[in-house]
Ligand code: SF4
């Protein structure tokens, strides 16, 4: 496989894997979409895995072992940014690096970045900022 084809396959494979989202895509389905041979597809997936861009999780599918490819980083969506607690924080006007409050030390922002599981905790703390405003 020449470098041009190799690079094109990597780019297209990554696009398909990212678009598959958190559920990922079976390696065998990827080749079909790429119109590549299973050998080219395996090598492409291995290269992406070695670079830490995708994970390859072994999976039994219809009686055969294959791999599920999942992107290790998903692109940031507008929706994800829109949910940032700063947009509904009463202290946004006063908040700044080195100030008080400081986003580098903000518990609300930290909890939000750490994940959705703590959403209720964030909402409770945002209510507290309303009382302080
Ligand atoms: S206090 Fe926290 S949540 Fe509010 S604007 Fe600053 S960083 Fe964002």
Of the conditions (1) touching a strand residue (DSSP E or B) at 6+ places or on another chain (Cβ under 9 Å); (2) modelled with pLDDT under 90; (3) outside any helix (DSSP H, G or I), the single one that residue 1 does not satisfy is (1)
Restricting attention to region 95-103, does a residue exist that is within 9 Å of the ligand (Cβ to nearest atom) and under 23 Å from the mean Cα position of the chain (by Cα)?
yes
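The values are calculated or read from the model by the stated rules, or taken from the named source; none is laboratory data. The model shown is predicted, which means the values in this text are computed figures rather than measured ones. A quick note on method: Cβ atoms are made from the backbone with ideal geometry, for glycine too, and the neighbour counts reach across all protein chains shown.
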